[in-house]
1. Starting from the 7 Å offset along Cα-to-Cβ, what nm value, one decimal, do you get for the label separation of Ser103 and Ile171?
2. Relative contact order for the stretch 52-210: what percent, with Cα pairs under 8 Å and sequence separation of 6 or more?
3. Evaluate the Debye formula for the stretch 166-210 with equal point scatterers sitting on the alpha carbons, no solvent, and hand back log10 of I(q)/I(0) at q = 0.17, 0.18, 0.21 Å⁻¹, in q order, two decimals.
4. So which trypsin sites (Lys or Arg not before Pro) in the stretch 112-210 pass both tests, a DSSP loop state and at most 15 other Cβ atoms within 10 Å of the Cβ?
5. Take the Cα coordinates of the stretch 1-102, assign each an equal point scatterer, and use the Debye formula without solvent to give log10 I(q)/I(0) at q = 0.14, 0.19, 0.20 Å⁻¹.
6. Taking the Cα-to-Cβ direction at Cys187 and at Asp15 and moving 7 Å from each Cα, how far apart do the two end points lie in nm?
7. Mind checking which of Phe145, Phe3, Ser53 is farthest towards the positive end of the chain's charge dipole, using Cβ charges of +1 (Lys, Arg) and -1 (Asp, Glu) about the Cα centre?
8. Using a Debye calculation, one point per C-alpha and no hydration shell, please list log10 I(q)/I(0) for the stretch 107-210 at q = 0.15, 0.24 Å⁻¹ in order.
Amino acid sequence: FIFLFDGLDEMLQHDTQTFIDEISTVIDGYSFILTTRSTGLNIETVIPSLNYSVSIQPLSYRSAFQIAEKTFQGKELQIFYDEYRQRLSSIGFNFLSLPFSLSMTIEFYKKNKNIPNKIEDILENWIQSKIKVNQIPSQYIEQAFSLILYKSKIEKNLFSIPKDSFHEIIIECYDELSSSNSYITKCLNLNEFVSMISHYEILLLEDDSY
């Protein structure tokens, strides 16, 4: 077996060393993988059995095209290449070069046979695919995310949500939805609502902001 422990930086930092020590004791003899964001840990942690570390880097043009070749062939692949190059100016290489963003772009192209001019359309397609697996009707989940983005961008004039303000904004949105007797707050308590927001991985933490 190879054990995967994802998000070491997301646990309480004062527990990380204890966690590492327990791993060494409990799964001694087995290989394991630890992941963390590029910001690393905020507390010194010794991992005695660490053999090597790798980081996920933005994709080059060649790497992006090699990944696309695993999905598309022939004329369809060439059209994808051409549209990918054309969208570098409207969407931006910083977005399209991210592995996760490229996978969303490929999924959009498979469904719609084109790459849109706006990041929002790619994200919307991905959001809809995530919402389908949830038992709560999609319009209520869309309502929750729309309110979060409205509060962030319109009311608070934020381009991204600072890590320190994230939970405050989520709680404000939950309270507002609750006061309007929203269906979603009748189904979920506050903790479940926060878990749902995290579950869909639409608002991702990077460089201390969402």
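The values are calculated or read from the model by the stated rules, or taken from the named source; none is laboratory data. Worth saying up front: this structure is predicted, and the values here are computed from it rather than measured. Using ideal geometry, Cβ is built from the backbone for each residue, glycine included, and neighbour counts are taken over all protein chains shown. For accessibility, only protein heavy atoms count, side chains too; no ligands or nucleic acids. Shrake-Rupley method; radii C 1.70, N 1.55, O 1.52, S 1.80 Å.
1. According to this spin-label approximation, the distance is 3.3 nm.
2. Numbers: 99 pairs, mean separation 27.1, N = 159.
Reported as a whole number, the value is 17 percent.
3. So the normalised log intensities are -0.49, -0.54, -0.70.
4. Details: sites: Lys113, Lys118, Lys130, Lys132, Lys151, Lys153, Lys156, Lys163, Lys186; in loops: Lys113, Lys118, Lys132, Lys156.
Sites meeting the loop and neighbour criteria: Lys113, Lys118, Lys132, Lys156.
5. Reported log10 I(q)/I(0), two decimals: -0.72, -0.92, -0.97.
6. In this crude spin-label approximation the distance works out to 2.9 nm.
7. Phe145
8. One equal scatterer on each Cα of the stretch 107-210 leads to -0.67, -1.41.
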